[in-house]
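What follows is calculated from the coordinates using simple rules that are stated; it is not laboratory data. A quick note: this is a predicted structure, and the numbers were derived from the prediction, not measured. Cβ placement follows ideal geometry from the backbone for every residue including glycine, while neighbour counts extend to all protein chains displayed.
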Amino acid sequence: MSERKSYPSDLSDGQWSLIEPVITAWKDRHRSVSGHQGAYAMREIVNAILYQGRTGCQWAYL
């Protein structure tokens, strides 16, 4: 996967280090029925949610 442009709404490394254990623990408790690990990194998903919240763009444009 190519590197993407960073956005002002992206989490800093320090912010990610604070919430990553919580998100990882949640993901471990909510395993996929199919066993699929997911196509996207959790940090990128959180960044997309923050971007949508900040800009108000439509989900389809993410």
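Values for this structure:
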{"item": "Odd one out for residue 35 among (1) on the phi > 0 side of the Ramachandran plot; (2) surrounded by 10 or more Cβ atoms within 10 Å (Cβ to Cβ)", "result": "(2)"}
{"item": "Yes/no for residue 17 being small (Gly, Ala, Ser), without any contact (Cβ under 8 Å) to a residue 60 or more places away in the chain and surrounded by 10 or more Cβ atoms within 10 Å (Cβ to Cβ)", "result": "yes"}
{"item": "Selected residue (criterion: surrounded by the fewest Cβ atoms within 10 Å (Cβ to Cβ)) from residues of segment 45-54 that are free of Cβ contacts under 8 Å to residues at least 12 places away in the same chain and closer than 16 Å to residue 8 by Cβ", "result": "49"}
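Residue by residue, here is whether (1) within 13 Å of the chain's Cα centre (by Cα); (2) under 23 Å from residue 59 (Cβ atoms); (3) of a type in the set (A, V, I, L, M, F, W, C); (4) assigned to a helix (DSSP H, G or I) holds:
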{"position": "5", "(1), (2), (3), (4)": "no, yes, no, no"}
{"position": "9", "(1), (2), (3), (4)": "yes, yes, no, no"}
{"position": "14", "(1), (2), (3), (4)": "no, no, no, yes"}
{"position": "20", "(1), (2), (3), (4)": "yes, no, no, yes"}
{"position": "25", "(1), (2), (3), (4)": "no, no, yes, yes"}
{"position": "39", "(1), (2), (3), (4)": "yes, yes, yes, no"}
{"position": "45", "(1), (2), (3), (4)": "yes, yes, yes, yes"}
{"position": "48", "(1), (2), (3), (4)": "yes, yes, yes, yes"}
